[in-house]
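Notes to accompany the following structure.
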Ligand code: SF4
């Protein structure tokens, strides 16, 4: 495969390269742009023109340095073995291949893509999407032999992106809905994906009918189709093996796979928990389930949420704490589709444990939430501080309030921990007790099976005096 006619280098060494704002020539999609998408579609052979690249709207050379643009990318593929179940997997490869381009950064997936081109690569002559189209076509054809024909369309015209956006969302929804009729108990094979190991070396996504891939782009059906046509590729079968614990989602086959793929770093996973032996989190997750220790609940925040969440931290801060292929109790990468599953964090209490989420997520999953909880889970419109959150949950009699009874003086206890962010965690099995206060009495806090996870702990005097950090 030759890239001699491409003005920048192409190769796996550029994967993981970040293009910072100051180095960026243009940004396509990304958080500043409302509508963006990438979509792969299976077509009949005679419906596409092989290796054709089309650009609808301004090309890179027509864009001003430092600007942000709506963006759509349509990858149409055909071949005897190409079927609609492969669309999700082909689409996900776009992430990898765009990142092979020197000076190009691709993040996220589907309706959430974020692409940057560096000034340096632009100066080297990479000034047209035509080059990107050629790179994608050559990589797809050489890496996925089932693709016999491919055409690529880039859309930068804002109106045209907007016109095509809804159809893309409908297609994603159709793919997601397909796996909903199936349960994890119905199958004896799950699928694994290691595509994100270039960023998170110990990460494997275990894709089951009821636990969608973290990136929200690959369903169990997609995994099955990919493993069938390319068994040596990054998606492969996982034989479930024996069930260790059905409720927790623990299987011998899954554990064995983690040992093998993480080179022994991860030995056991409970698929339906955010706290105990959770599924690993790479960096591509659509959302994070994050512990809010003050109310013993979990908040949810998605990648596009702007600003701080109820705990004072932004998505990006918590993503740093969550990512990297680790199992971080209380900071758990998930897909939005997993929230529609009846297995959703069931070990931790499922929806009964969710205490905060943005309006945008709520709108997308509302019909899958238990009816009795729909007005009990606050959003950014209801609570943006921990004290407001507590008041809201109490007022609505959210089920999590029942969990508070063991803390007799919850206000004082909550004041001990103000911010939670990763620098590692300490797991303490069993029970230990911390005493706060002097000879005249104080506060006793009992920690059961504690997993403490804090960037900063602030201890305040309960009497008069200066605050110490
Ligand atoms: S998030 Fe998971 S399924 Fe998605 S590309 Fe990464 S490893 Fe694969």
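Observations on the structure shown:
- On full extension, the segment bounded by residue 180 and residue 391 gains 72.4 nm, given 0.36 nm per residue less the C-alpha separation.
- The Cα atoms of the range 216-323 cover 44, 29, 24 Å along the three principal axes, with the biggest extent listed first.
- Taking 0.36 nm per residue of separation and subtracting the current Cα-Cα distance, fully stretching the chain between residue 267 and residue 252 would add 4.4 nm.
- Relative to one another, the C-alpha centroids of the range 85-143 and the range 249-305 are positioned 28 Å apart.
- Contact order relative to length of the range 72-132, as percent, for alpha carbon pairs under 8 angstrom and 6 or more apart: 20 percent
- Its relative contact order, with pairs defined as Cα atoms under 8 Å and 6+ residues apart, puts the chain at 11 percent.
- Förster radius 35 Å - calculated FRET efficiency between residue 259 and residue 228 (Cβ-Cβ, nearest 0.05): 0.90
- Helix 158-178 vs. the chain, principal-axis angle (Cα, 0 to 90°, nearest 10): 70 degrees
- Peptides ranked, highest mean first, by Cβ atoms within 10 Å: ranges 215-222, 39-46, 18-25: 215-222, 39-46, 18-25
- Of the peptides 330-337, 82-89, 300-307, the order by per-residue mean of other Cβ atoms within 10 Å, starting with the highest, comes out as 330-337, 82-89, 300-307.
- Rounded to the nearest 10 degrees, the angle from helix 87-99 to the longest Cα principal axis of the chain is 90 degrees.
- The reciprocal of the average 1/r between distinct C-alpha atoms defines the Kirkwood hydrodynamic radius, which for the chain equals 23.7 Å.
- DSSP beta bridges in the range 12-171 [antiparallel fraction, %, rounded to 5]: 55 percent
- Based on C-alpha pairs under 8 angstrom that are at least 6 apart in sequence, the range 12-171 has a relative contact order of 39 percent.
- Beta bridges per DSSP with both ends in the chain, % antiparallel, nearest 5: 75 percent
Any read-out appearing in this document is the output of simple, stated calculations on the displayed coordinates, not a laboratory observation. The model shown is predicted, which means the values in this text are computed figures rather than measured ones. Glycine also receives a Cβ, built like all others from the backbone with ideal geometry; neighbour counts cover every protein chain displayed.
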